[in-house]
Structures are given as C-alpha cells and as structure tokens.
1. Report the charge-dipole magnitude of the chain in Debye, nearest 20, computed about the Cα centre from +1 at each Lys and Arg Cβ and -1 at each Asp and Glu Cβ.
2. With helices defined as uninterrupted DSSP H runs, which ones in the chain have an alpha carbon span along their own long axis of at least 15 Å and mean Kyte-Doolittle hydropathy of at least 1.0?
3. Let me cross-check R13: its accessible surface, 1.4 Å probe, with only protein heavy atoms counted, in Å² to the nearest 10?
4. What distance in nm separates the two pseudo spin-label positions at S208 and A182, each 7 Å out from Cα along the beta-carbon direction?
5. Suppose accessible area is computed on protein heavy atoms with a 1.4 Å probe; arrange E282, E232 from highest to lowest.
6. Taking a 1.4 Å probe, which of D69, D188 shows the most accessible area, and what order do the others take after it?
7. Over the range 195-240, give the accessible area per residue in Å² for a 1.4 Å probe, as an integer.
8. If you take every residue apart from S83 with its C-beta less than 10 Å away from the C-beta of S83, what net charge results, scoring Lys and Arg +1 and Asp and Glu -1?
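The values are calculated or read from the model by the stated rules, or taken from the named source; none is laboratory data. Given the structure is predicted, the values throughout are model-derived calculations rather than measurements. Note that each Cβ is placed from the backbone with ideal geometry, even for glycine, and that neighbours are counted across all protein chains shown. The accessibility values were calculated without ligands, DNA or RNA, using every heavy atom of the protein model including side chains. Shrake-Rupley method; radii C 1.70, N 1.55, O 1.52, S 1.80 Å.
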Amino acid sequence: MSGLPPYATTGQRAWYYSFRVICGLIFFFLIAPIMVIIPLSFNAQDFFTFTPEMLSFDPAGYSTKHYEDFFTNSDWQLALKNSLKIAPVATLLSVSLGTLAAIGLSQSHVPFRRAIMAILISPMIVPLIISATGMYFFYSNPYIPTPFGKIELPFTLTGTYLGVVLAHAALGIPFVIITVTATLVGFDNSLTRAAANMGAGPVKTFFSVQMPLILPGVVSGGLFAFITSFDEVVVVLFVGSAGQKTLPWQMFTGLREQISPTILAVATILIAVSIALLFVVEMLRRRSERLRGITPS
C-alpha cells in the first residue's frame, strides 16, 4: 500500500483512509457547484434547472443556443470588450508596480518594510465593499495631500476607464507582490553584486540578471492580477458607469433583472479560462523551482 508502512497500527490505517475520505468530501463540496453549471449551460430550455430531457440524456434537451446568444448579443459583446480593455491594462500596472515594490521590500535595509508590506497587501484583507466605498469617495473628489493642505484635482475618476483600471490595479498589486516576494526568497544576491562589479548598471542588472530568474513569479502574479480584474464586479459597480460595464457586471445584471440563462454559458467560458490560467501558473511555479534548484513537488 503506497504511503502506508506495513507496520502501521489499526488507528493509523483508519486515520490514513479517513483523512482521504474527508479531503475527497471537501473537494466535492468545493467543486460541485462549479461543475453543475457546465451541463446547465447546454440546456435547450430557458431554465436554470435540469429538464427531464437532460436527465434522460435526450439530445433534444441539449443546445448551444446560450453560447450563440453570448457571441451575438450586443450587450454581452460590449461587456466582453470592456473587460478585455480594462483587465490587460490593469494587469500591466499591477505587474510593474508590484514587482518594483516586491524587489524594494526584499532588501533588508528598507525601514518599516513589514508595515509597508502589510499596507500594500491590505486590499486582499479588507472587505471588498469597504475598498469599493473608499475608492468611490476618493474618485468622486480626488486630491493630493500636502503639508499645507489638500490640492483638489479639477476632474473626477468615477465613470471613467482610467478610474476602473486604477481600481483594478490596486486590487491586483498584492497578488504580484506576494508571488514575486516568494520567488525572491531563493534569489542569490551575489549575482547582482557580481554584475555590478563587472560594470553593469542597476537597470542592466535588473533586466539581464534578476528579471530572467524571477520571471515565473512575475508572470504568475500577472495572471492572478488578470483573473482578479477580469472577475471583479463590486468595485466596478461603485466607480464605473454604464460605459464601463464589464462581463461580471453584465452577469450580475442578468441575474438581478432578466434571469438570462446566457449567464451559465458565460460562467462556463470563465471557468475554462480560469482553469487554463491556473495550469499556466502551476507550470511557471515548477519552472521557478527548477531555476532555484528545488525539486518540483
């Protein structure tokens, strides 16, 4: 029996199998609601339940009309275009700022780096509704604090693409910081010192020595930031307008107002995209471990 020594006691054997049963039940509890959506998205009727034809596996009970509606409906296509406009730009900002922050906070001489780290990753901890409310009030009347008071800016960020992009970037930065920081744990700083001794400047050292080694962590953080932006709905409801309606916002509207079964087709597509991105993240994690000389687990 793999994983169980031959001299194991009865209690150890019972716990060995019980533990696996418990893990299986937890996995089923987490994955079952997601897996139910996939067959329902092929329902030939405009229902959110399994029809008798579907339960009897009658081909007449299945259809791709909800997917056709998604790709032909102007509202869904506008929401998809908005998501594809906002998410990549927000991801680029998150990766740029998060990577620089992680590299800076990895230096031991930076004062109060633990406190700064806690502040930067706070969007992951603070309830999203609180972050969205704060962003809304700040974007409605943005200002720059100075020792002599605040300087109010002559524009607002609510209801603009820039406001939504900045809000999503703020939510994605913590994921980039955490993944890049984890990659930097095994980084050999003697490599950067050697590059500096050979005459390379800080920028040259970063792009030629440091960046190739931490690239898997940077890309992983970027993928998490992209998923966060692409799936986010609470913040965009506060700081966006009808012109910035994203795919999750359109799904929320469909549930609240018209109960459109097309939501199931969109959810299935998002599940497939998320699984593909998580697969890429896992491949990058294994590559990062190999680069650091760690046997991938």
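1. So the magnitude is around 1220 debye.
2. 10-40, 128-140, 161-184, 211-231, 262-291
3. 70 Å²
4. It works out to 3.1 nm between the two label points.
5. My answer, sorted largest first, is E282, E232.
6. Correct descending sequence by accessible area is D188, D69.
7. Value for the range 195-240: 44 Å² per residue.
8. Values: positive: K81, K85, K245; negative: D231, E232.
Net charge in that neighbourhood comes out at +1.
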